[in-house]
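To start, the structure under review is shown below, and the notes come after it.
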Ligand SMILES: Nc1ncnc2c1ncn2[C@@H]1O[C@H](COP(=O)(O)OP(=O)(O)OP(=O)(O)O)[C@@H](O)[C@H]1O
Ligand SMILES: [Mg+2]
């Protein structure tokens, strides 16, 4: 599969910023191997970048190499030090393994970056090795190095989470571009081209259904899911595709996606609440244009409160089915992970993914777990309050397309900021 024809606006944005001398360090935030390939294809065929004196690639597994084209194919040649016999690629023997540290590679490319027009692509690196590699220090110094800038050299970093690689200061000195996992058009193109390759006949409605159901997946994930479904079912079964997507999303540790299982018919009683929700929520959401015209605000969040076992979770699920949207469970017990500094990333990644999969109903059980602002005394205090404000900010964003359904047994534990307009507008008692 070639991704060369997919959307390249993210690359162009980065290159324009580089050209404007904003910074010679350009980070593309993506974990998608397809995007990395796309970048390499693009650079190698670019009138300036393709003719750079050297294009280096560092990969934690492969070590240092040089990038080039052989015909249509991208090739990475292991790097050999010209003068000596040392090799900086892991593929080549024991000595290589010892030398193929990022540290040595950084030292090696430092000179070409400063004395010629060079490109350095850093890919597949983990974030936990800073103490031995000096990556941050190198990036920080290149970001402001007048020689690197004047020679037109560029360092590209491709990583799923920039803040795990760069500290705040270096991030400010760099260009950071967040790459969309996939646009609707890209998914459509990919679905059609995989179907063509496998000779699976697909009607137009089936393509549309697949494209909608796979929102939030990146190109690599989408292709893998299509192939897996084909190899097991010899067709693109939508149910199977949804199941594989839930599996992938679940791996993030914070989200679970399902098709809603129950409907209002499965809920005994609560007729008043059902009526209310039908009138003010379901009706409005099913005809958003009409609502806008007559000035009714779109519902954006509900808080269901009441004692345990009163059907709040059941109701949230049924609501998703009544409005015919996917049901995403934001698993709060996984948010404050025990790894210091991790929960902020997790939360941010999860909320981004939710946005990509929206419109959807987002279920947050025990939303009071987020706690209140300004509660002092616990050691994780700073992290907690960062996650908290991140979440609040997201809740209040006018462009958010998801409907939040939070539940709590103890509404008094909830920070009142949750209840402001545009966040959890409706408070519904379950007794
Ligand atoms: N009105 C109802 N009609 C049908 N089943 C119900 C109803 N209320 C509760 N149940 C059933 O009771 C069980 C508990 O309900 P549920 O998990 O929705 O409660 P909850 O309010 O979310 O509780 P908790 O606060 O402990 O999370 C579920 O199996 C649910 O199907
Ligand atoms: Mg519940």
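The values are calculated or read from the model by the stated rules, or taken from the named source; none is laboratory data. All values derive from a computational prediction rather than experimental measurement. All Cβ positions, glycine included, derive from the backbone under ideal geometry; neighbour counts span all protein chains shown.
Computed quantities for the displayed model
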read-out	value
Tally of residues being surrounded by fewer than 18 Cβ atoms within 10 Å (Cβ to Cβ), within 16 Å of ligand 1 (Cβ to nearest atom) and not in a loop (DSSP other than H, G, I, E, B) across the stretch 412-431	4
Scope the stretch 157-184; condition closer than 18 Å to residue 353 by Cα, touching a residue at least 40 places away in the same chain (Cβ under 8 Å) and assigned to a helix (DSSP H, G or I); matching residues	162, 163
Test: residue in the stretch 273-295 that is at pLDDT 90 or above, surrounded by 13 or more Cβ atoms within 10 Å (Cβ to Cβ) and outside any helix (DSSP H, G or I)	no
Failed condition for residue 328, given (1) outside any helix (DSSP H, G or I); (2) within 16 Å of ligand 1 (Cβ to nearest atom); (3) touching a strand residue (DSSP E or B) at 6+ places or on another chain (Cβ under 7 Å)	(2)
Residue tally, condition crowded, with 16+ Cβ neighbours inside 10 Å and within 16 Å of ligand 1 (Cβ to nearest atom), over the stretch 389-410	5
Some residue of the stretch 256-265 being within 16 Å of ligand 2 (Cβ to nearest atom), within 24 Å of residue 401 (Cβ to Cβ), assigned to a helix (DSSP H, G or I) and touching a residue at least 60 places away in the same chain (Cβ under 8 Å)	no
Any chance residue 309 is within 16 Å of ligand 2 (Cβ to nearest atom), in a loop (DSSP other than H, G, I, E, B) and either surrounded by fewer than 17 Cβ atoms within 10 Å (Cβ to Cβ) or not assigned by TED's automatic domain parsing to the domain that holds residue 425 (or both)	yes
